[in-house]
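K.L.:
Here you go, one structure.
Every number here is computed from the coordinates shown, using simple stated rules; none is lab data. None of these values were measured; they are calculated from a predicted model. For neighbour counting, all protein chains shown are included, and Cβ atoms are generated from backbone atoms with ideal geometry for every residue, glycine included.
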Protein chains: 2
Amino acid sequence: MLDRRALRAIAGEIGLGGASRPPVALDAVRLEAPTLSESAEAALRDLLGAQRLRADRNERIRHAAGRSYMDLVRLRSGELSLPDGAPGAPDAVAHPRSREELAALLAVCARHRIAVVPFGGGTSVVGGLTPLRGECDAVLCLDLDLICATGRLDGESMTLTAGAGLRVAAVERWLGSRGMTLGHFPQSFEQVSLGGCAATRSAGQASGGYGRFENMVLGLSLTAPAGRLALRAVPASAAGPDLRELVLGSEGTLGVIDELTLRVRRAPAARRYEGIFFGDFQSGLQTLRVLAQEGLTPAVARLADERETALSMAMASAGADGGGASALKDRLGRAYLGVRGYSRGCLAIIGYEGSSPERVRHAMRSARQIARHHEGLPVGHGPGEAWLAARFEAPYLRDELLTHGAMVETLETATVWSSVDELRRAVSAAIAAALAGCGTPGILGCHVSHVYETGASLYFTLLARRLIGDELRQWRAVKEAAGEAIAARGATISHHHAIGTDHAPWMVREVGAEGIATLRAVKAELDPTGIMNPGKLLAQRLSRT
Amino acid sequence: MLDRRALRAIAGEIGLGGASRPPVALDAVRLEAPTLSESAEAALRDLLGAQRLRADRNERIRHAAGRSYMDLVRLRSGELSLPDGAPGAPDAVAHPRSREELAALLAVCARHRIAVVPFGGGTSVVGGLTPLRGECDAVLCLDLDLICATGRLDGESMTLTAGAGLRVAAVERWLGSRGMTLGHFPQSFEQVSLGGCAATRSAGQASGGYGRFENMVLGLSLTAPAGRLALRAVPASAAGPDLRELVLGSEGTLGVIDELTLRVRRAPAARRYEGIFFGDFQSGLQTLRVLAQEGLTPAVARLADERETALSMAMASAGADGGGASALKDRLGRAYLGVRGYSRGCLAIIGYEGSSPERVRHAMRSARQIARHHEGLPVGHGPGEAWLAARFEAPYLRDELLTHGAMVETLETATVWSSVDELRRAVSAAIAAALAGCGTPGILGCHVSHVYETGASLYFTLLARRLIGDELRQWRAVKEAAGEAIAARGATISHHHAIGTDHAPWMVREVGAEGIATLRAVKAELDPTGIMNPGKLLAQRLSRT
């Protein structure tokens, strides 16, 4: 996917050696013997049968990690064990297939002091799936793949009630065949589950048009060790605090989301995605802000800074789908080359979709007008189509770069408009300094990935030479520098990746001591024995992974 | 306001006698001696001074109730004491003027076992302000009128940070002079405070365009007995559960909201409000549903059923602003009279507003088209303007009807589209049966007041002859019948009036036993001595008022 020229340029810039660093073979992964007691295993097996309580090597490795950078380092090295020496794989993997089984399973785990890690699509990039056992004696991965009732579609109310283990991609296909859409397209779209999106407050790439995942949730059911929290599906309510919002983002620490009632939409009749090129980031930012504040929030709104614009154009230029990028280059070249060189500008992708072609056309026309007012250059649908075609590819690209000895990490945040650019500069500077401090200066790109009336998210991608064998120190240096820069400016530690283990140290900065105490009180009520996903979200010590 | 002819028609239909029942004079209100201990009073006075700790008769009566039907019955009769014999006025009224004072005041109250009832605009219609003391020895009303810093406007991010005691009307005026708007127009607009709207999940009449109040809140500060919960203002976050949503709707039971950061908007450059007449409720309902699901949600969308349409036209016909209604009648008459009689149709008010006159015009044109497709008859801006002019008048009308011996109550709910009409029929039937059972058959109107993609709210207004001296029994019969009809159909017990004391018995149906336990755990953490607004929201016994 990454063409040789682009790779060579990157390798040269961040000082990669030529050696390939492929992941170890599955057989070579070191796996410790499971620690599940005989009685615990028997109780679980009684409940699920051997078919659905698995402790084989493949199954345990497959559920040993998510998709964070440090997860991948761990998996690729074949050394699953955690930095503190704890075993790095679950002792067993359970596949319950009903809510009743789920409740019974949690009761067994509470009785036998088994920590439970709920597992949906397995795509957490913040350590949300690390098989930590906390104060428990063993750890069970609870794979929700069989909690997948396709559910009830209410075509008049436009709601779908479905099992939380269903994959978003499967739901989208199912809805698509009925002329509908959920409209949720995170980068993890191909794997991620409904429950995972709910538990982590996922935001899809088209959240400007369809809302964040939490905006789609009308009703839900949480099976917790203490009992079931079932919240009815109503369009809106003033009946006290919104308990849905306590479950959304709870990351498996309170219980297991087993069913969701979601708002769906008719599949859009019209869709326009276009590129707009800005001379600088600030102009693009102002354009996005005006759009969001004038009632013209695009379904998709992305704005890459100069570095990321150059990087993504270099990467796309010779790829399978290079046509769009080449056409763009030609056009940008004609317009900008000789004036300032197209590599020094910022590319925005603006996408509108909806039921009315006329309104979509009108919105895009207004967007172009507003962009021109900020000295933006509309460059047509080529870049938009190219982006759409490649929208889920970054994780694969990351794997390839890892094999070439790179460190590849992403992190994201959000803040109000008046702080966005200063935040971008501060976080960029903090990351650059941390990388330099490790002796591995890197490439750092940033883009706005989601916009709101009051602010926007920022998404940072960094590439550097990996300190082989010393990845944890290098990663921590970057993560701590970025996290401090974010927290110090009152921005959120995560806009859509969630907390997991990686961001847990910043939760107290995010919600304060009283916020932590409140969340702990909720956990003590719903999960009194503390078996649910220990070490995530509420752990205030530094990350273990 | 109510003209003689309309009043005579109503009086005739519900069997009112001719006697006027004005409220007793202030001097005649029976008020028990305050029970605040000397030491408690001294501690509070040390903190606030005599000016801001008041125990005079006027102040205590003014803070003895909200604006529910039973509150008004209590106030008008001059018998403040509660049905169970408890005193019906707070022992004193405090006016803290800073967050620090507020925190110190809560500490004094916790130490002296004084219940605290936060008081904003005083407009609760569900008993949220009833001076219940719970397990405490006395009850203090905490008036937030001096927590009113006008705050910081961030014109780039379009956010306003302000003291929670500020009145919405004052904020709207302040913003208006700067070309901005909050866009929150509940019927209580003239009195209600920012904090009150947040604590009760208020929804303004234009919530389709501006969102419910909770949708406007980016950040907030809650001073609780256990400490301060300060949640930063970010446009969106995936950092765990959204604790803002626990504070929103908490109705003073967790602590006192003292500051809010709100999203504001530019004042709309264009505004169109028009009437559409439908032959039946179902056709209007389908029109509103299609609008909401096609991305054309009106800022204001109201649809009255046949009874309410007839009633409001009768009431408006000779009022000060009768022009619009008369013109409407003429037009409806021409179109419908002789075919079916205009009094048998359903009037909808559809309003669009926004920054772009072109988009507002286009939206209204689309709405008319969709309405015609459902056999609606657009009747122009007369009814829209008439509605706008009278939008805050209903409470005054209610006072007048009470004086004429009527029972006047409203209640509201929300459900998904596929259940709306059945819910309307069921609740209507339940109320009618309850009134008949009391020997006081009444007039019952219903309208859709807010629409969403997945459903709508229903707002019921009932008029009946008041059982003088036996109002509580009559009211309970209606309330219980309606509440059961709502809860049995999975609708919410309140779409925008909140829980207070009146809806507390239904909270367990709303969120389940585990939901109640979770809310109690949160309360135990933030308000460990249980002083905050006892008897509201979480009380599971029948209402005391």
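K.L.:
Would you mind working out the magnitude of the charge dipole of segment B:121-195 relative to its Cα centre, with +1 at each Lys and Arg C-beta and -1 at each Asp and Glu C-beta, to the nearest 20 Debye? Before the final figure, lay out the partial values.
P.N.:
Working: 5 positive and 8 negative charges, 42 e Å.
Approximately 200 debye in magnitude.
K.L.:
Where in segment B:82-100 does the label zone of B:Asp137 land, with the point 7 angstrom along Cα→C-beta and an amide N cut-off under 20 Å?
P.N.:
B:86-94
K.L.:
Give me D for segment B:152-266 in µm² s⁻¹, whole number, from Stokes-Einstein with Rh from the Kirkwood sum over alpha-carbon pairs, 37 °C and 0.692 mPa s. Mind dumping the intermediate values first?
P.N.:
Values: Rh = 14.1 Å.
D, rounded to a whole number, is 233 µm²/s.
K.L.:
Show the residues, 5+ positions off or on another chain, whose built amide H is closer than 5 Å to the amide H of B:Leu218.
P.N.:
Amide H neighbours of B:Leu218: B:Thr261, B:Leu262, B:Arg263.
K.L.:
Specify, per residue and in Å³, the volume enclosed by the convex hull of the alpha carbon atoms belonging to segment B:28-146. It would help to have the intermediate numbers written out before the result.
P.N.:
Values: hull volume 11.2 nm³, N = 119.
In segment B:28-146, the Cα convex hull volume per residue is 94 Å³.
K.L.:
Still on this model: Let's see if you can work this out: charge +1 on each Lys and Arg Cβ, -1 on each Asp and Glu Cβ, no other charges. What is the dipole magnitude of chain B about its Cα centre, in debye to the nearest 20?
P.N.:
1060
K.L.:
Please report, largest first and rounded to whole Å, the three semi-axes of the ellipsoid equivalent to segment A:80-140, where each semi-axis is the square root of five times an eigenvalue of the C-alpha gyration tensor.
P.N.:
Working: eigenvalues 89, 47, 13 Å².
Three semi-axes, in Å: 21, 15, 8.
K.L.:
Return the FRET efficiency for the residue pair B:Arg178, A:Asn215: r is the Cβ-Cβ distance, R0 is 22 Å, and the value is rounded to the nearest 0.05. If you can, show how the numbers build up before the last one.
P.N.:
Values: r = 29 Å, r/R0 = 1.33.
Efficiency at R0 = 22 Å is approximately 0.15.
K.L.:
What distance in nm separates the two pseudo spin-label positions at B:Ala107 and B:Ser81, each 7 Å out from Cα along the beta-carbon direction?
P.N.:
3.8
K.L.:
Report the residue of chain B with the smallest Cβ-to-axis distance, using the rotation axis that brings B onto A, in whole Å.
P.N.:
Spelled out as residue then distance in Å, it is B:Glu245, 2.
K.L.:
Continuing with the same structure: What FRET efficiency comes out for the pair A:Arg520/A:Arg361, r = Cβ-Cβ distance, R0 = 35 Å, nearest 0.05? List each step's numbers first, then the result.
P.N.:
Numbers: r = 51 Å, r/R0 = 1.47.
Once rounded, the FRET efficiency stands at 0.10.
K.L.:
Between A:Val290 and A:Asp46, what is the label-to-label distance in nm when each label sits 7 Å out along the Cα-to-Cβ direction?
P.N.:
Calculated label separation equals 7.0 nm.
K.L.:
Could I ask something else about it? Over 59 Å apart: what share of the alpha carbon pairs of the protein assembly as shown falls there, rounded to a whole percent? Mind showing how you got there, number by number?
P.N.:
Numbers: 78095 of 593505 pairs.
For the protein assembly as shown, the fraction of Cα-Cα distances above 59 Å is 13 percent.
K.L.:
Write down, largest first, the equivalent ellipsoid semi-axes of chain B in whole Å, where each equals the square root of 5 times an eigenvalue of the alpha-carbon gyration tensor. Working shown, then result.
P.N.:
Values: eigenvalues 289, 163, 88 Å².
Largest first, chain B gives 38, 29, 21 Å.
K.L.:
Also, I was wondering about something else. Any idea how far apart B:Glu484 and A:Arg344 come out in nm if each label point goes 7 Å out from Cα toward Cβ?
P.N.:
So the label points at B:Glu484 and A:Arg344 sit 7.8 nm apart.
K.L.:
Restricting things to alpha carbons, tell me how big segment A:395-497 is in terms of Rg and Dmax, in Å.
P.N.:
For segment A:395-497, the Cα radius of gyration and maximum Cα-Cα distance read 13.7, 44 Å.
K.L.:
Place the label 7 angstrom along Cα→C-beta at A:Arg489 and in each other copy, then list the distances from the first to the rest in nm, shortest first.
P.N.:
Going from nearest to farthest copy, the values are 5.0 nm.
K.L.:
Here's a follow-up. Along segment B:235-248, what does the Karplus equation 6.51 cos²θ - 1.76 cosθ + 1.60 (θ = phi - 60°) give for ³J(HN,Hα), rounded to whole Hz, x for Gly and Pro?
P.N.:
So the Karplus estimates, Gly and Pro as x, are x, 6, 7, 10, 8, x, x, 8, 5, 4, 6, 7, 6, 5 Hz.
K.L.:
Here's something else I'd like to know. List the relative contact order of chain A as a percent without decimals, with contacts defined as Cα pairs under 8 Å and 6+ residues apart.
P.N.:
17
K.L.:
Tell me, what ³J(HN,Hα) does each residue in segment A:56-69 have, in order and in whole Hz, if you take phi through Karplus 6.51 cos²θ - 1.76 cosθ + 1.60 with θ = phi - 60° and put x for Gly and Pro?
P.N.:
Running phi through 6.51 cos²θ - 1.76 cosθ + 1.60 with θ = phi - 60° gives 6, 4, 4, 5, 5, 5, 4, 10, 8, 7, x, 10, 6, 4 Hz.
K.L.:
Not counting the cut sites, what is the longest span of chain B without trypsin sites (Lys or Arg not before Pro) that DSSP labels loop and that have at most 11 other Cβ atoms within 10 Å?
P.N.:
Working: sites that count: B:Arg340, B:Arg541.
That would be B:1-339.
K.L.:
Report the one residue of B:Gly439, B:His450, B:Thr413 whose Cα lies farthest in the direction of the positive end of the charge dipole of segment B:395-497 (charges on C-beta: Lys and Arg +1, Asp and Glu -1; origin at the Cα centre).
P.N.:
The one lying farthest along the dipole's positive direction is B:Gly439.
K.L.:
Find how much the distance from B:Leu26 to B:Ser418 grows on full extension, using 0.36 nm per residue of separation minus their present alpha carbon separation; answer in nm with one decimal. Could the numbers behind the result be given before it?
P.N.:
Values: separation 392, 0.36 × 392 = 141.12 nm, distance 4.89 nm.
Extra length available between B:Leu26 and B:Ser418 comes to 136.2 nm.
K.L.:
Distances over 12 Å make up what percent of all Cα-Cα pairs in segment A:372-411? If you can, show how the numbers build up before the last one.
P.N.:
Details: 545 of 780 pairs.
Within segment A:372-411, distances greater than 12 Å cover 70 percent of Cα pairs.
K.L.:
Out of A:Ala65, B:Thr261, B:Ser221, whose Cα points farthest toward the positive end of the dipole of the protein assembly as shown (charges: +1 Lys, Arg; -1 Asp, Glu; placed on Cβ)?
P.N.:
B:Thr261
K.L.:
Further question on the same structure: What percentage of all Cα-Cα pairs in segment A:333-465 are separated by more than 28 Å? All intermediate terms of the calculation are to be shown ahead of the outcome.
P.N.:
Values: 2666 of 8778 pairs.
The answer is 30 percent, as a whole percent.
K.L.:
In whole Å, how far is the Cα centre of segment A:106-174 from that of segment A:207-267?
P.N.:
14
K.L.:
State the answer as a single residue: which of B:Gln286, B:Ala504, B:Leu153 lies farthest towards the positive end of the charge dipole of chain B, with beta carbon charges of +1 for Lys and Arg and -1 for Asp and Glu, about the Cα centre.
P.N.:
Checking the options against the dipole of chain B, the answer is B:Gln286.
K.L.:
Please get the size of the charge dipole for segment B:28-146, origin at its Cα centre, with Cβ charges of +1 on Lys and Arg and -1 on Asp and Glu, quoted in debye to the nearest 20.
P.N.:
On the way: 15 positive and 16 negative charges, 57 e Å.
My answer is approximately 280 debye.
K.L.:
Could you calculate the FRET efficiency of B:Leu472 with B:Ser37 from 1/(1 + (r/R0)^6), where r is the beta carbon distance between them and R0 is 30 Å, rounded to 0.05? Show your work: numbers first, answer last.
P.N.:
Working: r = 31 Å, r/R0 = 1.04.
E between B:Leu472 and B:Ser37, to the nearest 0.05, is 0.45.
K.L.:
How far, in nm to one decimal, is A:Arg111 from itself in the other copies if the label point is set 7 angstrom along Cα toward Cβ? Shortest first, please.
P.N.:
Label-point distances to the other copies, shortest first: 5.0 nm.
K.L.:
In addition: Using only DSSP helix segments of four residues or longer, with each worth -39500 (n - 2.57), what per-residue ellipticity at 222 nm results for chain A after dividing by its residue count and rounding to 500?
P.N.:
Numbers: 19 runs with 213 residues, N = 545.
Using -39500 (n - 2.57) per qualifying helix, the result is -12000 deg cm²/dmol.
K.L.:
Given label points at 7 Å from Cα along Cα→Cβ, what nm distances, shortest first, separate B:Glu358 from the same residue in every other copy?
P.N.:
Result for B:Glu358, in nm, nearest copy first: 1.3.
K.L.:
What list of ³J(HN,Hα) values in whole Hz, one per residue of segment A:448-456 in order, does the Karplus curve 6.51 cos²θ - 1.76 cosθ + 1.60 (θ = phi - 60°) give from phi, with Gly and Pro shown as x?
P.N.:
Listing the rounded values in order: 6, 10, 8, 10, 9, 4, 9, x, 8 Hz.
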